[in-house]
1. Give me the residue from segment 317-340 that is within 15 Å of the ligand (Cβ to nearest atom) and among the hydrophobic types (A, V, I, L, M, F, W, C) and, out of that set, nearest to Gly58 (Cα to Cα).
2. Over 28 Å from Tyr266 (Cβ atoms) and within 16 Å of the ligand (Cβ to nearest atom): which single residue out of Ser225, Ser190, Ser180, Ser204 fits that description?
3. Which of the residues that make up segment 297-311 are closer than 22 Å to Gly39 by Cα and either in contact with a strand residue (DSSP E or B) (Cβ under 8 Å, 6 or more places away or on another chain) or away from the ligand (no atom under 16 Å from the Cβ) (or both)?
4. Using the structure shown, decide if Asp81 is within 29 Å of Trp364 (Cβ to Cβ) and touching a Lys or Arg at 6+ places or on another chain (Cβ under 7 Å).
5. Name the single residue that is farthest from the ligand (Cβ to nearest atom) among those in segment 100-111 being within 19 Å of Gln202 (Cβ to Cβ) and within 14 Å of the chain's Cα centre (by Cα).
6. Can you confirm whether Asp91 is part of a loop (DSSP other than H, G, I, E, B), farther than 18 Å from Val47 by Cβ and without any contact (Cβ under 8 Å) to a residue 12 or more places away in the chain?
7. From Thr314, Thr274, Thr294, which residue is within 15 Å of the ligand (Cβ to nearest atom), surrounded by fewer than 17 Cβ atoms within 10 Å (Cβ to Cβ) and polar (S, T, N, Q)?
Amino acid sequence: MAAAAVILLAAGAQAQNTSFRPGQIWSDDKGVHINAHGGGILYYRNVYYWFGEHKTEGPGGNNANVGVHVYSSKDLYNWKDCGIALAVSDDPASDITKGCILERPKVIYNARTKKFVMWFHLEPKNGGYDGAMIGIAQADKVTGPYTYIRCTRSNPQTWPVNVLPLHKEPVTGRNARERSNLNWNEHPDSVNTLGRDFQKGQHSRDMTLFVDDDGKAYHICSSESNSVIHISELTDDYLDFTGKYVRAFIGDRMEAPALFKKDGLYYFMGSECTGWAPNRARSAVAPSIWGPWTQIGNPCVDRDSETTYHSQSTFFIQVAGKKNTFIYMGDRWTPDNAIDGRYIWLPVEFTPDGRFILHWYDEWSL
Ligand code: GAL
């Protein structure tokens with residue numbers, strides 16, 4: 001650590017931060033609170049890039065008035081503002097017109113095409129959360145500019161690996177009507193949410209991307225009126241679905257999916273569905289990304305565990321050069337003044353019985 005500090009100073013860099021302080025103001029290299037909410041990290045050529053939602057002040061600040069912001073860092077503590085990676089459009093006819101909802105952007109690098117690919121949750125302007133779509137953008141340079149390609153529902157006209165005969169029955173009457181949310185006592189299969197959305201494509205709201213060791217990428221989203229998680233394989237260029245997907249946690253109603261892999265096992269974290277208000281997190285483990293997934297409870301163990309320490313998951317950072325070192329990345333939303341939202345990053349710890357847990361620390365370092 002001392003050697004690293006000397007090197008940084010020799011290079012003339014201003015390394016102000018040497019720790020994480022969850023929930024505090026996190027200033028970038030210009031002294032401005034980092035504006036990258038619902039974010040994700042891409043590690044590329046020894047640099048971490050943090051992409052997230054650029055929020056604005058006051059009412060309406062949760063809508064996409066600017067776009068996706070990107071920052072870079074070599075140590076995860078000190079972040080340089082690299083500007084807007086994907087800008088919303090001034091054209092009212094664009095899918096990503098100013099004022100749309102653009103959430104949880106995630107960027108992955110495709111070694112075959114040498115392109116940076118961004119997927120995000122997209123809700124067309126003035127449609128509330130009924131669109132439940134994905135937006136896809138691509139760039140030649142990691143910090144952008146990203147070019148918007150298209151939006152889509154997930155896996156239109158395709159059945160998942162674990163489809164049941166009941167899903168292929170005609171969906172009629174009340175069940176044929178698309179609904180944002182199910183009633184608390186409704187099971188998604190009792191109203192056949194999967195069959196309901198078969199033609200148009202499945203809902204995709206809160207989402208993340210995960211790239212496995214073999215370079216295969218997956219899209220993980222909250223689907224079927226937020227009642228089921230869908231895990232889908234992406235094509236080799238990362239720009240589409242292959243059509244192979246699975247329903248997981250059927251009827252368990254989770255949002256905010258985030259994944260990491262350790263020693264060949266896949267770990268999942270999600271939240272309950274209470275909008276911007278924090279709630280109790282859930283976690284799960286599986287021997288394959290396709291499952292079977294075993295739920296292993298709320299990973300938070302200290303005071304305020306029932307609100308995930310006032311946060312909601314968005315991503316797990318794999319720390320480069322440190323074996324089995326992962327950081328939980330969560331958002332503390334402030335919907336009344338969205339730009340003030342805080343970042344809750346905590347170290348992932350493991351228990352002897354195979355769970356991962358998150359302790360609260362006011363301040364910590366790697
Ligand atoms: C949360 C979700 C956020 C945002 C919010 C809107 O549950 O995780 O990304 O969509 O709802 O109320």
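1. Checked segment 317-340; the qualifying residue nearest to Gly58 (Cα to Cα) is Ala338.
2. Details: Ser225 fails: over 28 Å from Tyr266 (Cβ atoms); Ser190 fails: within 16 Å of the ligand (Cβ to nearest atom); Ser204 fails: over 28 Å from Tyr266 (Cβ atoms).
The unique qualifying residue is Ser180.
3. Quick first cut of segment 297-311, residues closer than 22 Å to Gly39 by Cα only: 298-300, 305, 307-311.
Passing the criteria: Asn298, Pro299, Cys300, Ser305, Thr308, Tyr309, His310, Ser311.
4. Values: within 29 Å of Trp364 (Cβ to Cβ): yes; touching a Lys or Arg at 6+ places or on another chain (Cβ under 7 Å): yes.
Yes, satisfied.
5. Taking segment 100-111 as the starting set, the residues that turn out to be within 19 Å of Gln202 (Cβ to Cβ) are 101, 103-104, 106.
With within 14 Å of the chain's Cα centre (by Cα) added as a condition, the list becomes 103-104, 106.
Numbers: Glu103: 5, Arg104: 6, Lys106: 12 Å.
If we take residues in segment 100-111 being within 19 Å of Gln202 (Cβ to Cβ) and within 14 Å of the chain's Cα centre (by Cα), then Lys106 is farthest from the ligand (Cβ to nearest atom).
6. Values: part of a loop (DSSP other than H, G, I, E, B): yes; farther than 18 Å from Val47 by Cβ: yes; without any contact (Cβ under 8 Å) to a residue 12 or more places away in the chain: yes.
In short, yes.
7. Numbers: Thr314 fails: surrounded by fewer than 17 Cβ atoms within 10 Å (Cβ to Cβ); Thr294 fails: within 15 Å of the ligand (Cβ to nearest atom).
Selected residue: Thr274, the only one of Thr314, Thr274, Thr294 that is within 15 Å of the ligand (Cβ to nearest atom), surrounded by fewer than 17 Cβ atoms within 10 Å (Cβ to Cβ) and polar (S, T, N, Q).
Residues are listed down the side, and each one gets a yes or a no for (1) more than 16 Å from the ligand (Cβ to nearest atom); (2) under 21 Å from the mean Cα position of the chain (by Cα); (3) surrounded by fewer than 20 Cβ atoms within 10 Å (Cβ to Cβ):
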site	(1), (2), (3)
Leu76	yes, yes, yes
Asp91	yes, no, yes
Thr113	yes, no, yes
Leu122	no, yes, no
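Coordinate-derived values only; no laboratory data. Bear in mind that the values here come from a model prediction, so they are computed numbers and not experimental data. Ideal geometry is used to build each Cβ from the backbone, glycine not excepted, and the neighbour counts take in all protein chains shown.
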